[in-house]
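A quick write-up on the structure given underneath.
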Amino acid sequence: MASTAIIDFNSEVITFEASQAIRQLDKTFVGTESYLGLAYFWAYEYRHYLRDCTMAKRRKVHKKFMQAGLELDGESEEHLDIIETVLDGVTLASGFTVKRED
């Protein structure tokens with residue numbers, strides 16, 4: 001049976017030390033199927049899209065980059081197309097709503 005456990009990264013729930021340890025662990029998972037969606041892997045150009053989106057969306061972008069054979073920290077039209085496809089219609093914390101360009 002699959003677990004539905006959720007880790008709340010709110011500072012009142014998990015300590016800073018625990019949060020940092022999980023983020024450090026996730027850095028070792030970048031480029032693998034085990035990536036959790038916490039560690040940064042993307043190019044600076046895409047920071048506004050990916051730093052504000054959910055862990056699930058980051059995992060999906062990461063997986064699609066890998067499936068497409070793209071450098072995870074690369075920049076190209078294909079990178080941006082994947083990001084816009086995954087985040088289409090999502091309003092980020094900054095207030096920006098991602099719209100896929102057709």
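The values are calculated or read from the model by the stated rules, or taken from the named source; none is laboratory data. Predicted, not measured: the structure shown is a model, and the values here were computed from it. Note that each Cβ is placed from the backbone with ideal geometry, even for glycine, and that neighbours are counted across all protein chains shown.
Only one residue in I83, I7, I14, I22 is part of a helix (DSSP H, G or I), over 28 Å from K99 (Cβ atoms) and either touching an Asp or Glu at 6+ places or on another chain (Cβ under 8 Å) or among the hydrophobic types (A, V, I, L, M, F, W, C) (or both), so which one is that?
Values: I83 fails: over 28 Å from K99 (Cβ atoms); I7 fails: part of a helix (DSSP H, G or I); I14 fails: part of a helix (DSSP H, G or I).
Matching residue, one of I83, I7, I14, I22: I22.
Is it true that K99 is basic (K, R), exposed (fewer than 14 other Cβ atoms within 10 Å of the Cβ) and either more than 15 Å from the chain's Cα centre (by Cα) or at pLDDT 95 or above (or both)? Walk me through how you get there before you give the answer.
On the way: basic (K, R): yes; exposed (fewer than 14 other Cβ atoms within 10 Å of the Cβ): yes; either more than 15 Å from the chain's Cα centre (by Cα) or at pLDDT 95 or above (or both): yes.
The answer is yes for K99.
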Taking segment 81-95 and keeping only residues that are surrounded by 13 or more Cβ atoms within 10 Å (Cβ to Cβ) and among the polar types (S, T, N, Q), one is left with T85
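Quick check, is R51 surrounded by fewer than 16 Cβ atoms within 10 Å (Cβ to Cβ), out of contact with any helix residue (DSSP H, G or I) (no Cβ under 6 Å at 6 or more places or on another chain), under 24 Å from G89 (Cβ atoms) and not β-branched (V, I, T)? Before the answer, list the steps.
Values: surrounded by fewer than 16 Cβ atoms within 10 Å (Cβ to Cβ): yes; out of contact with any helix residue (DSSP H, G or I) (no Cβ under 6 Å at 6 or more places or on another chain): yes; under 24 Å from G89 (Cβ atoms): yes; not β-branched (V, I, T): yes.
Against the criterion (surrounded by fewer than 16 Cβ atoms within 10 Å (Cβ to Cβ), out of contact with any helix residue (DSSP H, G or I) (no Cβ under 6 Å at 6 or more places or on another chain), under 24 Å from G89 (Cβ atoms) and not β-branched (V, I, T)), R51 qualifies.
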Restricting the search to segment 54-79, which residues are exposed (fewer than 15 other Cβ atoms within 10 Å of the Cβ) and not in a helix (DSSP H, G or I)? T54, A68, G69, E71, G74, E75, S76
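Restricting to segment 1-40, and then to whatever is among the aromatic types (F, W, Y) and at pLDDT 90 or above, can you tell me which residue is surrounded by the most Cβ atoms within 10 Å (Cβ to Cβ)? Spell out how you get there, then give the answer.
Initially, segment 1-40 is screened for residues among the aromatic types (F, W, Y), giving 9, 16, 29, 35, 40.
Now drop any that are not at pLDDT 90 or above, which leaves 29, 35, 40.
Numbers: F29: 16, Y35: 21, Y40: 16.
Going through the qualifying residues, I end up with Y35.
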So, in segment 47-84, exactly how many residues are modelled with pLDDT under 95 and either among the hydroxyl-bearing types (S, T, Y) or touching a Cys at 6+ places or on another chain (Cβ under 9 Å) (or both)? 2
